[in-house]
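What follows is a single structure, written as structure tokens, with notes after it.
The values are calculated or read from the model by the stated rules, or taken from the named source; none is laboratory data. Quick caveat: nothing in here was measured; it's all calculated off a predicted structure. All Cβ positions, even for glycine, are placed from backbone atoms using ideal geometry, and neighbour counts span all protein chains on display. Keep in mind that these areas ignore ligands, DNA and RNA; they rest on the heavy atoms of the full protein, side chains included. Shrake-Rupley method; radii C 1.70, N 1.55, O 1.52, S 1.80 Å.
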Amino acid sequence: MNDVQEIPALAASSGGEGVEERWMDFDGARMRYLCAGSGPPLILLHGLMAYSFSWRYTLTALAPYATVYAPDLLGAGFSDRPPGIDHSMRGTALRVLKFAENLGLAAFDLLGTSRGGAVAMAAAAECMSNDHCKTRLRRLVLVCPVNPYSPHGTWLAPFFATPLGSTLFRSCIGRMPFLFPYFHGRLYADRKGIPDGSLEGYKAPLAIPGAFEHALCIVQTWSADLRELETLLPKLAKVPTFLMWGTKDPAVYLSSMRRLARHFENVQTVVFPGVGHLPYEECPEEFNRALINFLTSQTDLF
């Protein structure tokens, strides 16, 4: 029996018509997640300083083709922020697999964006190398994923992990939250194209204490996580994989896609011209169309 508590959707942040808000217990900490649709299960992982709100244009579009689960990972969104948990890439990946097990999923597809993409690859590697894993990964979708081959962020995230960097982060963002929209807006290729209500939606969970501490905990293991990820990639060769990228991604450079793709024997790629780090928001129709085509035309091969 899994520890899943279902409650009705509570607010506009639930993601639209037909989307349910649910909660799951993780050793006394409550993880919030959204669920929609029917069909093969698909888990969506958000990026750093984001939450299930990222998938507001994706959940309803995919609902006719899949049962879609979009968690607010512990420490983020409206989930609890328990002190002392392991925020490393592997620690987060193990919680994702526990999430899938608690849902009772025998097999599932996994999509991760940005830092969630790195977590998704770590979760996939765990599934491929652990004979005792209770759930099976079918396919992997990576959207502008953090990876070892993009130079941007290799110095910035570790800098924020230093005492000086964390102090500056808290001073600039934690004490002046009005700057958050500026930094978030830089993820888009064209700020004029930011969807209405986006920045307000991303700012909403910041009212809950601990959001910035969660981010700082993640960057403390950033360099070690990237080194570990590079050692894990060879384990993913057999996983059918779809890489999705914006040509003007300012956070994880498109140039890293080619080196990342070499690790997969069965890989498809799509790029969105003139789009930044958040294609699921900047060009949702094109993004959803490409994703649905992959999910409905590909079958797992192992």
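In table form, for the structure just shown:
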read-out	value
Rounded if a/c under 1.5, otherwise prolate or oblate - region 19-154, Cα gyration tensor axes	rounded
Solvent-accessible heavy-atom area per residue, rounded to whole Å², over region 180-302 at 1.4 Å	49 Å²
Amide H partners (placed H, <5 Å) of Ile208, local residues excluded	none
Residues with amide H under 5 Å from that of Tyr65, placed H, sequence gap 5 or more	Ser38
Cleavage-rule hits, trypsin sites (Lys or Arg not before Pro), region 256-299, DSSP coil, Cβ neighbours within 10 Å at most 16	Arg262
Accessible-area ranking of Met49, Met257, largest first, probe 1.4 Å	Met49, Met257
Cα-centre dipole for region 223-273 with unit charges at Cβ (Lys and Arg positive, Asp and Glu negative), debye to 20	160 debye
Cross-link table Lys203/Lys248; Lys134/Lys203; Lys98/Lys238; Lys98/Lys235; Lys203/Lys235, entries beyond 27 Å C-alpha to C-alpha	Lys134/Lys203; Lys203/Lys235
Solvent exposure of region 79-147 as accessible area per residue, Å², 1.4 Å probe	31 Å²
In order through region 270-276: 3J(HN,Hα) via Karplus (6.51 cos²θ - 1.76 cosθ + 1.60), integer Hz, x for Gly, Pro	9, 10, 10, x, x, 10, x
